[in-house]
Amino acid sequence: IENGERLIQERQLFITGPTVVFRWQADDECRVEYVSPNVVEQLGYTKQDFEAGAVRFSDLIHAEDRTRIKRGRAYRSDLPSGPFEQEYRLRHRDGRYLWVYDLTHIIKDQDGRTLSYQGYIQDITERKRVIEQLTRSEEKYRSVINNTHEGFWFVDAQKRTLEVNDSLCVLLGYAREEMLGRTPLEFVDETNRKIFLKQMARIPRTDHRIYEIELRCKDGSNVPTHFSTTTLWGETHNVLGAFAFITDLTIQKQVEEDLRKMQERLSFALEGAQAGLWDWDTQSNQVYFSPRIETMLGYQPGEWENHLSAWESRVHAQDLDPVLAALHEHLEGRQE
């Protein structure tokens with residue numbers, strides 16, 4: 001029963017899905033013995049149109065593709081049974097041509113004679129359109145992308161690398177040919193792989209993503225990077241791919257680490273000297289008070305509000321006016 005239900009479910013996929021099943025006779029006319037009912041949704045013709053011979057499949061093949069398709073089938077008929085792939089144009093009932101991907105299996109008898117062909121056809125018109133647009137603008141596109149100092153990474157809907165620029169190759173130490181066809185997951189360690197997987201899962205749900213991740217260079221070292229990633233959508237809001245501009249954060253991370261160490265040393269020095277530290281943003285009146293300032297006055301760390309008023313309210317009344325006057329003279333440049 002389970003196998004029967006599974007077969008019904010699988011058959012339903014081909015009846016209603018985007019993949020059309022064909023079985024052709026082994027002749028020059030490509031006469032159709034069988035076609036799945038969903039052909040009407042893809043090509044506009046009914047199942048009966050093909051199987052009754054009212055529509056000949058060979059007539060739908062674009063004139064520029066017919067000779068190539070005929071020669072390809074004839075050549076592969078002399079080879080052992082097995083699948084082969086083709087891309088060509090078919091005329092829709094409304095007159096327009098669709099690009100299709102065709103995965104064909106050769107059906108042979110025990111003596112090796114070709115009996116028929118069985119194929120699975122999918123509409124790839126939109127993908128072809130995008131590729132043609134990219135190809136037409138490739139020279140301009142390459143010039144812009146390769147002249148930017150940021151890295152550029154373009155992947156298709158299956159996350160396979162379609163393009164990278166020179167800056168990214170230099171950053172990671174790979175030649176362009178070594179990166180093409182591979183997924184970004186092959187350029188990170190296990191820790192950063194989790195970050196990539198999480199961000200890739202967001203591609204179909206978001207237009208833009210910004211995150212940081214460490215990439216693995218060819219020499220085995222890691223480089224910290226900032227990714228600004230955009231999803232590339234098709235006309236039906238399907239995902240065609242994604243591209244990212246990548247910034248090397250090595251210098252920034254080093255500055256941050258140096259600053260952290262300096263702050264740590266300063267903190268140790270202040271603690272040793274029993275001194276407090278404050279930092280005042282004169283635009284917002286926001287103030288940072290080090291814990292030592294609060295504890296030396298009998299407060300718990302974090303008890304003071306981070307605002308200038310927290311300091312003013314604790315200055316002795318007799319000292320407040322002269323202190324504020326000296327402060328204003330300093331801000332106006334009359335006192336160091």
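The values are calculated or read from the model by the stated rules, or taken from the named source; none is laboratory data. Quick caveat: nothing in here was measured; it's all calculated off a predicted structure. Quick reminder, even Gly has a Cβ in these numbers, built from the backbone with ideal geometry, and neighbours come from all protein chains shown. These accessible areas exclude ligands, DNA and RNA; they are computed on the full protein's heavy atoms, side chains included. Shrake-Rupley method; radii C 1.70, N 1.55, O 1.52, S 1.80 Å.
Mind checking whether some residue in segment 97-104 is open to solvent by less than 40 Å² (accessible area, probe 1.4 Å), modelled with pLDDT of 90 or more and touching a helix residue (DSSP H, G or I) at 6+ places or on another chain (Cβ under 6 Å)? Yes: one or more hits.
Taking every residue in segment 305-329 that is under 17 Å from Leu277 (Cβ atoms) and pairing it with any residue that is open to solvent by 70 Å² or more (accessible area, probe 1.4 Å) and hydrophobic (A, V, I, L, M, F, W, C), at least 6 positions away or on another chain, the pairs with Cβ-Cβ distances below 8 Å are Trp311/Trp278; Arg314/Leu297. Looking at Ile107, is it among the aliphatic types (A, V, I, L, M) and touching a Leu at 6+ places or on another chain (Cβ under 7 Å)? Yes; evaluated as a whole, the condition is true for this residue. Taking the stated definitions as given, is Thr295 of a type outside the set (D, E, K, R) and closer than 30 Å to Tyr211 by Cβ? When the stated conditions are applied, Thr295 does not pass them. For Gly17, indicate whether it is within 38 Å of the chain's Cα centre (by Cα) and at pLDDT below 90. Answer is yes for this residue. Scanning segment 267-295 for residues that are of a type in the set (Phe, Trp, Tyr) and either open to solvent by 70 Å² or more (accessible area, probe 1.4 Å) or farther than 26 Å from Leu324 by Cβ (or both) yields a total of 3.
The residues on offer are Leu115, Leu134, Leu162, Leu172, and the sole one that is at pLDDT below 95 and either buried (at least 19 other Cβ atoms within 10 Å of the Cβ) or closer than 23 Å to Ile69 by Cβ (or both) is Leu115.
Here Glu264, Glu256, Glu190 are screened, and the one residue that is open to solvent by 80 Å² or more (accessible area, probe 1.4 Å), closer than 30 Å to Ser309 by Cα, without any contact (Cβ under 8 Å) to a residue 40 or more places away in the chain and among the acidic types (Asp, Glu) is Glu264.
Applying the criterion of being aliphatic (A, V, I, L, M) and assigned to a helix (DSSP H, G or I) to the residues of segment 296-322, the residue that is least open to solvent (accessible area, probe 1.4 Å) is Ala310. Considering (1) under 30 Å from Ser167 (Cα atoms); (2) charged (D, E, K, R); (3) touching a helix residue (DSSP H, G or I) at 6+ places or on another chain (Cβ under 7 Å), the lone condition that Glu235 does not fulfil carries the number (1).
For the criterion of being surrounded by 18 or more Cβ atoms within 10 Å (Cβ to Cβ), within 38 Å of the chain's Cα centre (by Cα), in contact (Cβ under 8 Å) with a residue 40 or more places away in the chain and assigned to a strand (DSSP E or B), Tyr88 fails.
Of all the numbered requirements in (1) among the β-branched types (Val, Ile, Thr); (2) without any contact (Cβ under 8 Å) to a residue 12 or more places away in the chain; (3) not in a loop (DSSP other than H, G, I, E, B), Ile293 misses one, and that requirement is (2).
Among the conditions (1) of a type outside the set (S, T, N, Q); (2) open to solvent by 30 Å² or more (accessible area, probe 1.4 Å); (3) over 25 Å from Thr236 (Cα atoms), the only one that Asp65 does not satisfy is (2).
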